1. Could you tell me which residue of segment 114-131 is surrounded by the most Cβ atoms within 10 Å (Cβ to Cβ), considering only residues that are in contact (Cβ under 8 Å) with a residue 60 or more places away in the chain and in a strand (DSSP E or B)?
2. Which of the residues that make up segment 138-162 are closer than 30 Å to Gly72 by Cβ and assigned to a helix (DSSP H, G or I)?
3. Those residues that are touching a Leu at 6+ places or on another chain (Cβ under 7 Å) and within 18 Å of Val92 (Cα to Cα), I need them from segment 19-38; list them, please.
4. Which condition number in (1) more than 22 Å from Thr152 (Cα to Cα); (2) touching a residue at least 40 places away in the same chain (Cβ under 8 Å); (3) acidic (Asp, Glu) is the one that Asp101 fails?
5. Filter segment 31-49 for residues that are among the aromatic types (Phe, Trp, Tyr) and modelled with pLDDT of 95 or more; which is surrounded by the most Cβ atoms within 10 Å (Cβ to Cβ)?
6. I'm told Gly72 meets every condition in (1) exposed (fewer than 12 other Cβ atoms within 10 Å of the Cβ); (2) touching a strand residue (DSSP E or B) at 6+ places or on another chain (Cβ under 7 Å) except one. Can you identify the failing condition by its number?
7. So which residues in segment 88-98 are assigned to a strand (DSSP E or B) and within 14 Å of Glu63 (Cα to Cα), if there are any at all?
8. For segment 99-151, which positions are farther than 21 Å from Ser19 by Cβ, touching a helix residue (DSSP H, G or I) at 6+ places or on another chain (Cβ under 8 Å) and β-branched (Val, Ile, Thr)?
Amino acid sequence: MVLGMMLMGCANMTQVDNSVASSFDLNRYLGEWFEIARFDHTFERGIEEAKATYSLRPDGKVEVQNSGVKDGKSKTAKGVGKTTDTPGLLRVTFFWPFYADYRVMAIDDAYTAALVGSGSADYLWILSRTPRLTPQKKETLLSEAARRGYDTSKLLWIRQKE
């Protein structure tokens with residue numbers, strides 16, 4: 001799932017530009033996102049119909065709920081994100097006290113498509129508010145990921161329900 005266990009060690013030492021988007025509004029980002037593509041990881045392996053839902057808690061933290069289907073069974077993982085002094089950079093945990101970076105690196109003006117990474121080159125997601133991206137948005141995000149140094153040929157394209 002989107003934020004899964006980004007907490008695991010980072011074996012890939014590839015250098016990428018994982019800086020966050022120059023403009024980011026957390027309140028506009030909240031809500032449901034479909035996982036369109038991701039790098040493969042054991043904690044998400046076999047997950048289809050993956051979605052992440054972000055909501056603001058009364059304490060100002062972000063509740064994270066990842067869901068998906070594996071082997072015909074629904075799976076859910078809950079986590080908590082903390083904002084930082086850098087808009088677009090959250091610190092997220094699914095296994096307290098271990099936190100990992102969640103970096104919104106690119107997002108369209110309408111907040112309908114996003115490119116998300118972590119503190120290393122090992123994690124990359126393409127997210128959308130809808131189960132499908134337009135070819136133009138897909139190409140824009142792929143180009144941005146490649147420009148930043150990510151190997152987009154490693155992306156797995158996730159099956160989503162219509």
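1. So the first thing to find is which residues in segment 114-131 are in contact (Cβ under 8 Å) with a residue 60 or more places away in the chain, and the list is 114, 116-131.
Retained after the next criterion (residues that are in a strand (DSSP E or B)): 114, 116-117, 124-128.
Details: Ala114: 22, Val116: 25, Gly117: 26, Leu124: 24, Trp125: 29, Ile126: 26, Leu127: 25, Ser128: 21.
Checking each candidate, the answer is Trp125.
2. We begin by selecting, within segment 138-162, every residue closer than 30 Å to Gly72 by Cβ; these are 138, 141, 152-162.
The answer is Lys138, Leu141, Thr152, Ser153, Lys154.
3. Quick first cut of segment 19-38, residues touching a Leu at 6+ places or on another chain (Cβ under 7 Å) only: 20, 30, 33-38.
Of everything in segment 19-38, those that are touching a Leu at 6+ places or on another chain (Cβ under 7 Å) and within 18 Å of Val92 (Cα to Cα) turn out to be Val20, Leu30, Trp33, Glu35, Arg38.
4. Here Asp101 clears every test but (1).
5. Initially, segment 31-49 is screened for residues among the aromatic types (Phe, Trp, Tyr), giving 33-34, 39, 43.
Filter once more, keeping what is modelled with pLDDT of 95 or more: 33-34, 39.
Details: Trp33: 25, Phe34: 21, Phe39: 19.
Here the residue is Trp33.
6. If we test Gly72 against (1) exposed (fewer than 12 other Cβ atoms within 10 Å of the Cβ); (2) touching a strand residue (DSSP E or B) at 6+ places or on another chain (Cβ under 7 Å), just (2) comes out false.
7. First, pick out the residues of segment 88-98 that are assigned to a strand (DSSP E or B): 89-95, 98.
Those that are assigned to a strand (DSSP E or B) and within 14 Å of Glu63 (Cα to Cα): Leu90, Arg91, Val92, Thr93, Phe94, Phe95.
8. Correct list: Thr112 only.
The values are calculated or read from the model by the stated rules, or taken from the named source; none is laboratory data. Remember, it's a predicted structure, so these values are computed and weren't measured experimentally. Cβ sites come from the backbone with ideal geometry, for glycine too, and all protein chains shown count toward neighbours.
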